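Peer 1: Below: one structure in structure tokens.
The values are calculated or read from the model by the stated rules, or taken from the named source; none is laboratory data. Predicted, not measured: the structure shown is a model, and the values here were computed from it. Cβ coordinates were reconstructed from backbone atoms using ideal geometry, including for glycine residues, and neighbour counts include every protein chain displayed.
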Amino acid sequence: MPPIKRIEGRAVPIRGRDIDTDRIVPARFLKTVTFDELGEALFFDERYDEKGNPKDHPLNDPRYAGARIMLVEAGFGSGSSREHAPQAIKRAGFSALVGESFAEIFFGNATQIGLVAVTVSPEDLGYLFALVERAPETELVIDLERMELQAGDRAIPVFLPEAVREAFLEGRYDPLEVLLEAMDRVRAMDEARAAPGKPGRYR
Amino acid sequence: MGKTLYEKVWEAHAIRELPDGRTQLFIDLHLIHEVTSPQAFAMLKERGLKVAFPHRTFATVDHIVPTDDRTEPFKDPLAQAMLEALRKNTAEHSIPFFDLKSGRQGIVHVIGPELGLTQPGFTIVCGDSHTSTHGAFGAIAFGIGTTQVRDVLATQTVAMQKLKVRRIEVNGRLLPGVTAKDVILHVIRTLGVKGGIGYAYEYAGEVIEQMSMDERMTVANMSIEGGARIGYMNPDETTFAYLKGRPYAPKGEDWERAVAEWRALASDPDARYDDRVELRGEEIPPTVTWGVHPGQSAPVDGRVPDPADFPEAERAQVEDALRYMKLRPGQKLSDVRVDVAFLGSCTNARLSDLRLVARYLEGRRVAKGVRALVVPGSQLVAEAAEREGIADVFRAAGFEWRAPGCSMCLAMNPDRLVGDELAISSSNRNYKGRQGSPTGRTVLASPLTVAASAVAGHIADPREVFGMGGEDAAD
């Protein structure tokens, strides 16, 4: 895994509090055995009407084409545990989310696939929305070493749990290799603990 | 200082602290289904890894299965492909699979408990946010993403940050017509859909203690709708009585030892909580949602709220919800017509839900123009309901009696809303487009309220429709 230290790019503003994972990826797009095509499904029912015609949505707005950062409001990613949601965001070309708060499972899923989700204060978030809605061409820089977001001439503090920040900086946000190091201890616990339907070994 | 059940279970499963400060947590039971597992098996293959402990993973198929014609191949080739992938993956890795012909297929959160796979003190994960359901047994159970499903298949562990614990006591008693579903909708309305972020919820108090396991599961199920990834109840005699004799529950001497161990898991009386909330059972009304998230709810005999009554920061969100739901501020909820009544899902499709509804539905008919579906939670539930004559009561009342699955809760199978149809639904999520139509509307309610509304043709108070004034109403 490559370390993630800086994310630079333009941002797309996605308004709405408590945006749930059914809106990020409607359930019918989960009928797949891969994640490959999910970029197309991102916010599908918000972007297209029932006949498939594009609706007025920032992701359909050419001024935001190629954005790498998504601005979102409080409670983003609530609902289902579907990793399809952060996968769709990532596969649509985004590297980071900037919001006020994230649902827990969504945040964990995003982190584990290297999609950075930082929070900022509500005031700073309001400033950022206004900025990119007024000037979509603005280049933002998220710097995880300094924990700052550069927007125009402003440096805005961003927040991430320290463990997650370190995991990004050191390129170990996918924990599988680390988990595999302790298999001796895991085997011992499997032996010590009952499994359903197996004779128990209650201590 | 005593400990909470959460702390005890956590400590018993901690393999070690990871360099990033999280804990490597051992998982006793891993449940998988067809939607969130195929990519995990592919990732495993890509890295040349095997399933480390196949005796700790169990599979079923629930999200995509048709509930009417189950002849294979299914009409939907994508659904068939997902089922085939699960068959292949479980066979290749020797994972038990409760397939359609097993007699034990059903919604993953219904079959785990009814087969006795779910046990107190277990850590339980599944690639599904409603895994919190299993917390009703005093288990620490939570939903995970697909990359974590891979981690569990490969190592039987996950990397987790320890949560804070909020104790939610519901004391007193419930009034007639008020059910476990109303309790959890009320909790979510009170604490908010983001209120549980960072917390495990411990449900306690007289009302919770009086509940059956099915009712406790209904409450724990919707913890995630309140933002809490985990919700649990302390195990007690009700828990043990439910589990005794279940196919995967401990037997003989093992049973005695297990019960002794389970008893000791309950939170100590002097345990420290990060937060405590007390609610009164008598103050909980039959509750329905009017908006597009599960916290936007009101008493069933109330009115659609006015956005002006909300704090300014929430007003736009409320206006947007009412626009989507096509409801007017001040409109009586009982004036809202329903097109579809859906009784099912991992929240409310267990035998006791169906029994309760059947008791009141007997001799009544679904109103003209309402499409009513009942989708039992599992094949075992369906079989028992047939045996007890419950299925016939539903059929006679004009409900379609279907085969088990997630069905119209999220409409990954052919059961879905059309256009802007409005469904009164015993499921857990009323998000925009949730039930399969991008403009479809969902009103969450208890099974009793769903049945009452199906009969009335509009959102209806079960106390009125079923004459539930008495003391012995909804037990």
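Peer 1: Tell me which residues, restricted to segment A:101-130, are charged (D, E, K, R) and within 10 Å of chain B (Cβ to nearest Cβ). Write out each step before concluding.
Peer 2: Here is the first cut: in segment A:101-130, the residues charged (D, E, K, R) are A:104, A:123-124.
Scanning segment A:101-130 gives a single hit, A:GLU104.
Peer 1: Could I ask something else about it? Considering B:LEU49, B:LEU25, B:LEU78, B:LEU29, which residue is within 13 Å of another protein chain (Cβ to nearest Cβ) and closer than 19 Å to B:GLY377 by Cβ? Spell out the reasoning first.
Peer 2: Details: B:LEU49 fails: closer than 19 Å to B:GLY377 by Cβ; B:LEU25 fails: closer than 19 Å to B:GLY377 by Cβ; B:LEU78 fails: closer than 19 Å to B:GLY377 by Cβ.
The unique qualifying residue is B:LEU29.
Peer 1: Can you tell me which residue is farthest from the other protein chains (Cβ to nearest Cβ) among those in segment A:52-98 that are closer than 16 Å to A:PRO26 by Cβ and charged (D, E, K, R)?
Peer 2: Only one residue fits best here, namely A:ARG91.
Peer 1: Here's another thing I want to ask about it. Scanning for something more than 15 Å from the chain's Cα centre (by Cα), buried (at least 19 other Cβ atoms within 10 Å of the Cβ) and touching a residue at least 60 places away in the same chain (Cβ under 8 Å), does segment B:221-232 turn up at least one residue? Write out each step before concluding.
Peer 2: Start the filter on segment B:221-232 by keeping residues that are more than 15 Å from the chain's Cα centre (by Cα), which leaves none.
Within segment B:221-232, none of the residues are more than 15 Å from the chain's Cα centre (by Cα), buried (at least 19 other Cβ atoms within 10 Å of the Cβ) and touching a residue at least 60 places away in the same chain (Cβ under 8 Å).
Peer 1: Still on this model: Look through B:ILE64, B:ILE95 and report the one residue that is assigned to a loop (DSSP other than H, G, I, E, B) and buried (at least 24 other Cβ atoms within 10 Å of the Cβ).
Peer 2: On the way: B:ILE95 fails: buried (at least 24 other Cβ atoms within 10 Å of the Cβ).
After ruling out the rest, the residue left standing is B:ILE64.
Peer 1: Right, here's the next one. Among the residues of segment A:104-117, are any charged (D, E, K, R), farther than 23 Å from B:ILE224 by Cβ, free of Cβ contacts under 8 Å to residues at least 60 places away in the same chain and assigned to a helix (DSSP H, G or I)? Spell out how you get there, then give the answer.
Peer 2: Step one: filter segment A:104-117 for residues charged (D, E, K, R), giving A:104.
If we keep only those that are farther than 23 Å from B:ILE224 by Cβ as well, we get none.
Looking through segment A:104-117, none of the residues is charged (D, E, K, R), farther than 23 Å from B:ILE224 by Cβ, free of Cβ contacts under 8 Å to residues at least 60 places away in the same chain and assigned to a helix (DSSP H, G or I).
Peer 1: State all residues of segment B:296-331 that are in a loop (DSSP other than H, G, I, E, B) and either under 24 Å from B:ALA451 (Cβ atoms) or among the charged types (D, E, K, R) (or both); if no residue qualifies, say none.
Peer 2: Going through segment B:296-331, the residues in a loop (DSSP other than H, G, I, E, B) turn out to be B:296, B:300-302, B:304-306, B:310-311, B:326-331.
Answer for segment B:296-331, where residues must be in a loop (DSSP other than H, G, I, E, B) and either under 24 Å from B:ALA451 (Cβ atoms) or among the charged types (D, E, K, R) (or both): B:GLN296, B:VAL300, B:ASP301, B:GLY302, B:VAL304, B:ASP306, B:LYS326, B:LEU327, B:ARG328, B:GLN331.
Peer 1: Okay, next question. Would you mind finding the one in B:TYR242, B:TYR232 that is closer than 30 Å to A:GLY77 by Cβ, more than 14 Å from chain A (Cβ to nearest Cβ) and among the aromatic types (Phe, Trp, Tyr)? Show your work before the answer.
Peer 2: On the way: B:TYR242 fails: closer than 30 Å to A:GLY77 by Cβ.
Matching residue, one of B:TYR242, B:TYR232: B:TYR232.
Peer 1: Moving to a separate point now. For segment B:124-140, enumerate the residues that are under 11 Å from B:ILE230 (Cα atoms) and either within 12 Å of chain A (Cβ to nearest Cβ) or free of Cβ contacts under 8 Å to residues at least 12 places away in the same chain (or both).
Peer 2: B:ILE124, B:VAL125, B:SER129, B:HIS130, B:THR131, B:SER132, B:HIS134, B:ALA139
Peer 1: Taking the condition within 23 Å of B:ASP182 (Cα to Cα) and either touching a helix residue (DSSP H, G or I) at 6+ places or on another chain (Cβ under 7 Å) or in the same structural domain as B:GLU206 (by TED's automatic domain parsing) (or both), does B:PRO299 pass? Step through it out loud before you land on a result.
Peer 2: On the way: within 23 Å of B:ASP182 (Cα to Cα): yes; either touching a helix residue (DSSP H, G or I) at 6+ places or on another chain (Cβ under 7 Å) or in the same structural domain as B:GLU206 (by TED's automatic domain parsing) (or both): no.
No: the conditions fail for B:PRO299.
Peer 1: Quick one: how many residues across segment A:148-192 are over 17 Å from the mean Cα position of the chain (by Cα) and away from chain B (no Cβ under 14 Å)?
Peer 2: 9
Peer 1: Another question about this same structure. Given B:PRO311, B:PRO269, B:PRO305, which one is away from chain A (no Cβ under 14 Å), exposed (fewer than 13 other Cβ atoms within 10 Å of the Cβ) and at negative phi? Give the steps one after another, and end with the answer.
Peer 2: Values: B:PRO311 fails: away from chain A (no Cβ under 14 Å); B:PRO305 fails: exposed (fewer than 13 other Cβ atoms within 10 Å of the Cβ).
After applying the criteria, what remains is B:PRO269.
Peer 1: If you don't mind, there's one more thing I want to ask. Yes or no: B:ASP69 away from chain A (no Cβ under 13 Å) and out of contact with any Phe, Trp or Tyr (no Cβ under 7 Å at 6 or more places or on another chain)? Steps first, please.
Peer 2: Working: away from chain A (no Cβ under 13 Å): yes; out of contact with any Phe, Trp or Tyr (no Cβ under 7 Å at 6 or more places or on another chain): yes.
Spelling it out, B:ASP69 is indeed away from chain A (no Cβ under 13 Å) and out of contact with any Phe, Trp or Tyr (no Cβ under 7 Å at 6 or more places or on another chain).
Peer 1: Just one of the numbered conditions (1) among the charged types (D, E, K, R); (2) within 14 Å of chain A (Cβ to nearest Cβ); (3) closer than 19 Å to B:THR179 by Cα is not true of B:ARG355; which one?
Peer 2: Every condition holds for B:ARG355 apart from (2).
Peer 1: What's the number of the condition B:LYS194 fails, among (1) in contact with an Asp or Glu (Cβ under 6 Å, 6 or more places away or on another chain); (2) within 14 Å of another protein chain (Cβ to nearest Cβ)?
Peer 2: (1)
Peer 1: Can you tell me which residues in segment B:85-123 are facing chain A (nearest Cβ under 9 Å) and over 23 Å from B:PHE142 (Cα atoms)?
Peer 2: If the condition is that a residue be facing chain A (nearest Cβ under 9 Å) and over 23 Å from B:PHE142 (Cα atoms), then B:ALA85 is the only one that fits.
Peer 1: Suppose the filter is aliphatic (A, V, I, L, M), in a strand (DSSP E or B), within 22 Å of B:VAL65 (Cβ to Cβ) and at pLDDT 95 or above; does B:ALA385 pass it?
Peer 2: Numbers: aliphatic (A, V, I, L, M): yes; in a strand (DSSP E or B): no; within 22 Å of B:VAL65 (Cβ to Cβ): yes; at pLDDT 95 or above: yes.
So B:ALA385 does not fit the description; no.
Peer 1: If B:VAL370 satisfies all but one of (1) crowded, with 23+ Cβ neighbours inside 10 Å; (2) within 22 Å of B:ARG434 (Cα to Cα), what's the number of the condition it fails?
Peer 2: Only one criterion is unmet by B:VAL370, namely (1).
Peer 1: Just to be sure, is B:THR4 in contact with a His (Cβ under 9 Å, 6 or more places away or on another chain), more than 7 Å from every other protein chain (Cβ to nearest Cβ), within 22 Å of B:ALA139 (Cα to Cα) and at pLDDT 95 or above?
Peer 2: Details: in contact with a His (Cβ under 9 Å, 6 or more places away or on another chain): no; more than 7 Å from every other protein chain (Cβ to nearest Cβ): yes; within 22 Å of B:ALA139 (Cα to Cα): yes; at pLDDT 95 or above: yes.
So B:THR4 does not fit the description; no.
Peer 1: Is it the case that segment B:153-162 has a residue that's surrounded by fewer than 24 Cβ atoms within 10 Å (Cβ to Cβ) and of a type in the set (Lys, Arg)?
Peer 2: The answer is yes, given that some residue of segment B:153-162 is surrounded by fewer than 24 Cβ atoms within 10 Å (Cβ to Cβ) and of a type in the set (Lys, Arg).
Peer 1: Continuing with this model, one more query. Has segment B:48-57 got at least one residue that is part of a loop (DSSP other than H, G, I, E, B), surrounded by 24 or more Cβ atoms within 10 Å (Cβ to Cβ) and in contact (Cβ under 8 Å) with a residue 60 or more places away in the chain? So that I can check it myself, show each step before the final result.
Peer 2: Step one: of segment B:48-57, the residues part of a loop (DSSP other than H, G, I, E, B) are B:48-53.
In the following step, the residues that additionally are surrounded by 24 or more Cβ atoms within 10 Å (Cβ to Cβ) were identified as none.
The answer is no, given that none of the residues of segment B:48-57 is part of a loop (DSSP other than H, G, I, E, B), surrounded by 24 or more Cβ atoms within 10 Å (Cβ to Cβ) and in contact (Cβ under 8 Å) with a residue 60 or more places away in the chain.
Peer 1: So which helices (runs of 4 or more DSSP H) stay within segment A:161-203 end to end and still have 3 or more residues that are exposed (fewer than 14 other Cβ atoms within 10 Å of the Cβ) and modelled with pLDDT of 95 or more? Step through it out loud before you land on a result.
Peer 2: Numbers: elements: A:162-169, A:176-180, A:183-192.
Of the helices (runs of 4 or more DSSP H) lying wholly inside segment A:161-203, those with at least 3 residues that are exposed (fewer than 14 other Cβ atoms within 10 Å of the Cβ) and modelled with pLDDT of 95 or more span A:183-192.
Peer 1: Sort out for me the strands (runs of 3 or more DSSP E) sitting completely within segment A:1-95 that have 1 or more residues that are exposed (fewer than 15 other Cβ atoms within 10 Å of the Cβ) and among the charged types (D, E, K, R).
Peer 2: On the way: elements: A:6-9, A:11-13, A:69-71.
Hits in segment A:1-95: A:6-9.
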